[in-house]
Amino acid sequence: MLSVAVSGLAHLLTVAAYTNMRARATTYAAVLAQQKMEQLRGLAYGFDPGGGAVTDVDTDITVQPEWPRGGAGLQPSPPGVLAADTPGYVDYVDGKGASLGGAAAVPPPGTAYIRRWSVQPLPSSANTLVLQVLVMRAGPRRAADNRIGPGGRPADQAMLVSVKTRKGS
């Protein structure tokens, strides 16, 4: 009877450890998504004193620190950027949260997470953008890790959606 109880307890501890590991990965993905969303929301998108539209279309946020030139900024993204690594709309992060850049369509060695983002104008408003950030673990995943969780995506992914509206200064 004791061996049955210990066997059940061992299984419970294994399941708990696995669940904790997945929860940690999901939480970390959400933090990385929030960081990228804050970068996107921090880019210039407003009106100059004369009433002309101002949009940052140059800042490269695929690197840390971000570069003022050579990037996509808030340019509308091409179709499918959330489904595939698209230079200008992807960056790679190591296990400690350090940026590994995003110039390539292939993750560099040491990549633990992949961040992809989309910038789309809202069809009903010329002065509103829809920003989406998707973060997922990199590398091969076991079939069990690809199980769909609540919200319709694997448990180790995070997706944030926000809007940015052009405002006067």
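Every read-out reported here was derived from the displayed coordinates using simple, explicitly stated rules and does not represent laboratory data. Small disclaimer: the values here were computed from a predicted structure and weren't measured. Virtual Cβ from ideal backbone geometry, glycine too; neighbours counted across all protein chains shown.
How far, in nm, would the chain grow between Asp94 and Thr19 when pulled straight, counting 0.36 nm per residue and subtracting the alpha carbon separation?
Details: separation 75, 0.36 × 75 = 27.00 nm, distance 2.18 nm.
24.8 nm is the gain from fully extending Asp94 to Thr19.
Going by Cα centres, region 1-26 and region 48-106 are how many Å apart?
Here the answer is 41 Å between Cα centres.
In sequence order, what are the phi-derived ³J(HN,Hα) couplings for region 82-92 according to the Karplus relation 6.51 cos²θ - 1.76 cosθ + 1.60 with θ = phi - 60°, rounded to whole Hz, with x for glycine and proline?
Running phi through 6.51 cos²θ - 1.76 cosθ + 1.60 with θ = phi - 60° gives 7, 9, 8, 5, 10, x, x, 10, 8, 9, 10 Hz.
Scan (i) 18.3, 57; (ii) 19.9, 82; (iii) 14.6, 42 for the value of Rg and Dmax of the Cα atoms in Å calculated from this model and give just the label.
Label (ii) holds the value from this structure.
Counting only DSSP beta bridges with both residues in the chain, tell me the antiparallel percent, nearest 5.
95 percent
Per-residue ellipticity at 222 nm for the chain, helices alone: DSSP H runs ≥ 4 residues times -39500 (n - 2.57), over residue total, nearest 500 deg cm²/dmol?
Taken over the chain, the calculation gives -9000 deg cm²/dmol.
Out of residues 5 or more away from Asp60 or on other chains, whose amide H comes under 5 Å of its own, with H placed 1.01 Å from N in the peptide plane?
Trp67, Arg69, Gly71
Given charges of +1 on the Cβ of Lys and Arg and -1 on the Cβ of Asp and Glu, with all other atoms neutral, how large is the dipole of the chain about its Cα centre, in debye to the nearest 20?
Rounded to the nearest 20 debye, it is 500 debye.
Based on the mean of other Cβ atoms within 10 Å per residue, sort peptides 77-87, 113-123 so the most packed one is first.
So the order, starting with the most tightly packed, is 113-123, 77-87.
Return the lysines within reach of Lys36: Cα separation strictly under 20 angstrom, same-chain partners fewer than 8 residues apart disregarded; answer none if there are no such residues.
Lys96, Lys164
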